1. Can you give the net charge of the other residues whose Cβ lies under 15 Å from the Cβ of L185, counting K and R as +1 and D and E as -1?
2. State to the nearest 20 debye the size of the charge dipole of segment 11-120 about its Cα centre, where the only charges are +1 on K and R beta carbons and -1 on D and E beta carbons.
3. Any chance you could run the full-extension gain for A192 through D71? It's 0.36 nm times the residue separation minus the Cα-Cα distance, nm to one decimal.
4. Taking other Cβ within 10 Å of each residue's Cβ, how do R188, R158 sort, fewest first?
5. Would you work out which of V80, L31, H118 lies farthest towards the positive end of the dipole of segment 11-120? Charges go on Cβ: Lys and Arg +1, Asp and Glu -1.
6. Could you bin all the Cα-Cα distances of segment 11-120 into 10 Å bins starting at 0 and give me the percent of pairs in each, rounded to whole numbers?
7. Within 10 Å of each residue's Cβ, count the other Cβ atoms and sort I79, I99 from fewest upward.
8. Mind giving me the nanometre distance, one decimal, between the label points for R33 and A85, set 7 Å out from Cα along Cα→Cβ?
Amino acid sequence: MAEPSIAAGEVWLVGAGPGDPDLLTRKAERLLRAADIVFYDALVGPGVLDLIPNHVERVSVGKRSGRHSKDQRSINDLIVRAALAGRKVVRLKGGDPSIFGRSAEEMAALAAHGISAHVCPGITAASAASASLGLSLTLRGLARKLVFVTAHARDGDRLDLDWSALADPGATLAIYMGKASAAMLSRRLIAAGLPSSTPVVAVENASLPGERHVGTRLDLLEIAVRSLGEGPVVLLVGEAMGAASAPTSGFVYPQERLSSLPPRAEYIILPHEKGPHHSPCPA
Ligand code: SAH
């Protein structure tokens, strides 16, 4: 494969992966070296930013839900202006640019100005999370369908999801931006027919040094995510998530002991009767 180069006035939307710089594609790394300006999101891992050569200008357009530092229109304008000025532009986005990354809006803004734009894919958060857990997102006979869904509505819009389609016991749901709506998610999914005992794993900071996992069941999801911090969280819901033994970093606690847990401990919340997952409480 030829070394990707960036022509003056051209833009590459590049997937930065979930955070671990080793999970960046080789092509992404070459594009970072070929750029002369990089616009990056808040979710791009610090180790990935270290791969940008010193002579390349970096601009944070950091955007976290509820804490917008720049709105999407301003970001589009910045990228368009840099390209029109003849810069070699990389727009670095967490995970894969095409998964809840608003890449289509940026591509449309670039196209409207006749700017040539390309996409380099990245590893999405759900893939990194399932890899850390040693779990497969699909599973023969149990999960034949994998759904990427966001629980974040457009500003001012009601979250309008097809709950009965989502409540498919033969699917794995990878829910992005779902932590703040955990209570509503579990209520709506159970009301739409998903068993309350459906396994869920919440993974915070997948692939980053502060990675945490909480394994639980759908009806206990809201309590479970309370132990997580401020990092990005992906929720993996479905029978395939109960297919392996508990994630290695966690302990299995019975529900009654939740109140005695230290805040932000890593633990797994499962009721007593869940045979295959149950292991003795530590101390
Ligand atoms: N394009 C990104 C998703 C951007 S939306 C991707 O493909 O991964 C932002 C959401 O992605 C976060 O709120 C969180 O739900 C998820 N996310 C991104 N990075 C993550 C990480 N390292 N660990 C867990 N979830 C992550």
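1. Working: positive: R158, K179, R187, R188, R217, R226; negative: D160, D162, D168, D219, E222.
So the surrounding residues net to +1.
2. The dipole magnitude comes to about 160 debye.
3. On the way: separation 121, 0.36 × 121 = 43.56 nm, distance 3.44 nm.
That works out to 40.1 nm of additional length.
4. Details: R188 18, R158 7.
In increasing order of surrounding Cβ atoms, one gets R158, R188.
5. The residue sitting farthest along the positive end of the dipole is V80.
6. Bin by bin from 0 Å, the calculated values are 15, 54, 30, 2.
7. By the 10 Å Cβ count, ascending, the order reads I99, I79.
8. That separation, rounded to one decimal, is 2.6 nm.
No lab work stands behind these numbers, since they all come straight from the coordinates. Just so you know, these numbers come straight off a predicted model, no measurement behind them. Here the Cβ is made from the backbone with ideal geometry for all residues, glycine too, and neighbour counts use every protein chain on show.
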